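Student: I am attaching a structure below and will ask some questions about it afterwards.
The values are calculated or read from the model by the stated rules, or taken from the named source; none is laboratory data. Keep in mind the model is a prediction, meaning the values are calculated, not measured. Positions of Cβ are generated from backbone atoms using ideal geometry, with glycine treated the same way; all protein chains shown enter the neighbour counts. Just so you know, the surface numbers come from the protein's heavy atoms only, side chains and all, with ligands and any DNA or RNA stripped out. Shrake-Rupley method; radii C 1.70, N 1.55, O 1.52, S 1.80 Å.
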Amino acid sequence: MKTCSQYRNLAWNSLTNKWNDAALTMFILCIIAVAFNAPSSIAPVLGLPYQWSYSMGGLGVAVALLLVLPLEWGFYIGLLQMTRGEEGSLFTMMWNNFKANYTRYLPAAILVMILTGLLGAVTLGIGAIILGLAYAMVPFILHDNPELSTIDAMKASRELMRGHKWDLFVLYLSFIGWFLLGIITCGIAFFWIQPYVYTAQAHFYEDITADVTIEVC
């Protein structure tokens, strides 16, 4: 295993000449998410019935599940492709991954979200962190193993992360200074920080799968 510093350096080098492309793609993702949630907040200001606010809020949640989550996974895969030297804009990669794998990304993303949410609710968040780390490689595994089902990809991620969850957790913690920068800049810096973290995670995935064959019975 490499050190956290080495993973961050690898991610930094992979993002060379791609920083603004990555930040713009993150910004577009945020705009899509906010655009469908904003009406529920505006409705009371406009004096519309409270039922409108609830309906619009429900629409925002539905769009987040059906659109934003699969797009976000497409972005993760785009960053993985970038680390492998594939050319093209990250937005195009994200969109192509979204179109080609929507029916595979959606159920996996929703199932992971539900399981981590439920476990987090009964363990005061601790279980959600552990399960989130266990399933952190599901998007990458689905991309590299198109024959796997959602359940098989989740099983494979759990097996792959056995003994590596703490390593990934420490890698996330190593970005704490960057997270503070994001807070200081009122969230603006996160458009660059999030791709930086995800790219480091992609390199982490490449490292732990270097000598591993993913097989699920």
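Student: If r is the Cβ-Cβ distance from R84 to L124 and R0 is 35 Å, what FRET efficiency results, to the nearest 0.05?
Tutor: 0.35
Student: How much of the accessible area of the chain, in percent, comes from carbon and sulfur atoms when a 1.4 Å probe is used?
Tutor: Carbon-and-sulfur percentage of accessible area, whole number: 68.
Student: So with the 1.4 Å probe, I'd like the accessible area per residue for the chain, rounded to whole Å².
Tutor: 52 Å²
Student: Determine how many Å³ per residue the convex hull of the Cα atoms of the chain encloses.
Tutor: For the chain, the hull spanned by Cα atoms encloses 145 Å³ per residue.
Student: Which whole-number percent gives the relative contact order of the range 100-203, counting Cα pairs below 8 Å spaced six or more residues apart?
Tutor: Worked out over the range 100-203, it gives 20 percent.
Student: Could you please state, rounded to a whole Å, how far the C-alpha centre of the range 81-100 is from the C-alpha centre of the range 123-184?
Tutor: 21 Å
Student: Rounded to the nearest 0.05, what FRET efficiency is calculated for A64 and R162 with R0 set to 35 Å and r the Cβ-Cβ distance?
Tutor: That gives a FRET efficiency of 0.70.
Student: Could I ask something else about it? Run the Debye formula on the Cα coordinates of the range 99-138, all scatterers equal and no solvent, and tell me log10 I(q)/I(0) at q = 0.22 1/Å.
Tutor: Listed by q, the Debye log ratios stand at -0.64.
Student: Hey, got the Cα dimensions of the range 167-217 along the principal axes, in Å, largest first?
Tutor: 47, 18, 18
Student: Given the options A156, A35, A200, which has the most mean-square fluctuation in a GNM of the chain, springs set between C-alpha atoms less than 10 angstrom apart?
Tutor: Looking only at A156, A35, A200, the biggest GNM fluctuation is shown by A35.
Student: If the cut-off is 17 Å between C-alpha atoms, which aspartates and glutamates fall inside it for K2, apart from same-chain ones fewer than 8 positions away?
Tutor: Partners found: D167, E206, D207, D211.
Student: For the range 112-200, what mean projected area does the convex hull of the alpha carbons give, in nm²?
Tutor: 6.6 nm²
Student: Something else: Considering all projection directions equally, how large on average is the shadow of the alpha-carbon convex hull of the range 76-152, in square nanometres?
Tutor: Its average projected convex-hull area is 5.5 nm².
Student: Here is a further query. Treating only the Cβ of Lys, Arg, Asp and Glu as charged (+1, +1, -1, -1), what charge dipole size does the chain show about its Cα centre? Round to the nearest 20 debye.
Tutor: That gives a dipole near 400 debye.
Student: Can you give me the relative contact order of the chain as a percent, contacts being Cα pairs under 8 Å and 6 or more apart?
Tutor: The value is 27 percent.
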